[in-house]
Amino acid sequence: MTSPATASNLEQGNILKKMDFSEEAFKVSYGFKNSAKVFWEHLNGVKTKTFLVQLIANFFHCPKENVFLDLVLVEEDVSKETFLSMAETQQQKDQIEREKKRRGLTNHPLIKKAEKIFNSRVDKVILN
């Protein structure tokens with residue numbers, strides 16, 4: 001069983017450190033910025049957290065009693081500098097990809113030729 005809402009909530013945070021998996025236990029430390037506190041609060045609810053622990057246990061084929069999920073709020077000064085949620089990481093990747101496409105279009109030989117013919121310059125590119 002999966003939950004798109006839970007996935008959306010999890011996107012607002014990210015893994016803080018390497019997951020610790022041994023025969024005795026599986027430990028996950030997952031953080032959220034203070035600006036994403038509402039998602040942290042929802043995921044820390046008994047029902048939701050139990051659901052997450054069960055998903056982890058099923059995925060890694062271990063007893064749920066051996067899964068330790070630590071959902072934490074990241075300190076503001078730390079989060080501003082280095083911590084990016086999964087959603088923010090994806091946004092950065094998307095932005096880099098858009099910029100790469102934009103540069104590719106503006107530097108395309110046919111565009112360069114058209115600029116030369118019409119003695120103009122393409123200064124605005126709109127990507128879908």
Over the stretch 3-32, the set of residues within 15 Å of the chain's Cα centre (by Cα) and assigned to a loop (DSSP other than H, G, I, E, B) is Q12, L16, K17
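Could you check, for the stretch 50-67, whether at least one of its residues is more than 30 Å from D123 (Cβ to Cβ) and of a type in the set (K, R)? Give the steps one after another, and end with the answer.
First pass over the stretch 50-67, keeping only residues more than 30 Å from D123 (Cβ to Cβ): 50-67.
Narrowing further to those that are of a type in the set (K, R): 64.
Yes.
Going by what's in this entry, would E65 be described as outside any loop (DSSP other than H, G, I, E, B) and either surrounded by fewer than 12 Cβ atoms within 10 Å (Cβ to Cβ) or acidic (D, E) (or both)?
On the way: outside any loop (DSSP other than H, G, I, E, B): yes; either surrounded by fewer than 12 Cβ atoms within 10 Å (Cβ to Cβ) or acidic (D, E) (or both): yes.
So E65 passes the test.
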If I filter the stretch 14-49 down to residues being surrounded by fewer than 18 Cβ atoms within 10 Å (Cβ to Cβ) and small (G, A, S), which single residue comes out as nearest to P63 (Cα to Cα)? A25
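Read-outs: derived from the displayed coordinates by stated rules, not from any lab. Owing to the predicted nature of the structure, the values given are computational and were not obtained by experimental measurement. For neighbour counting, all protein chains shown are included, and Cβ atoms are generated from backbone atoms with ideal geometry for every residue, glycine included.
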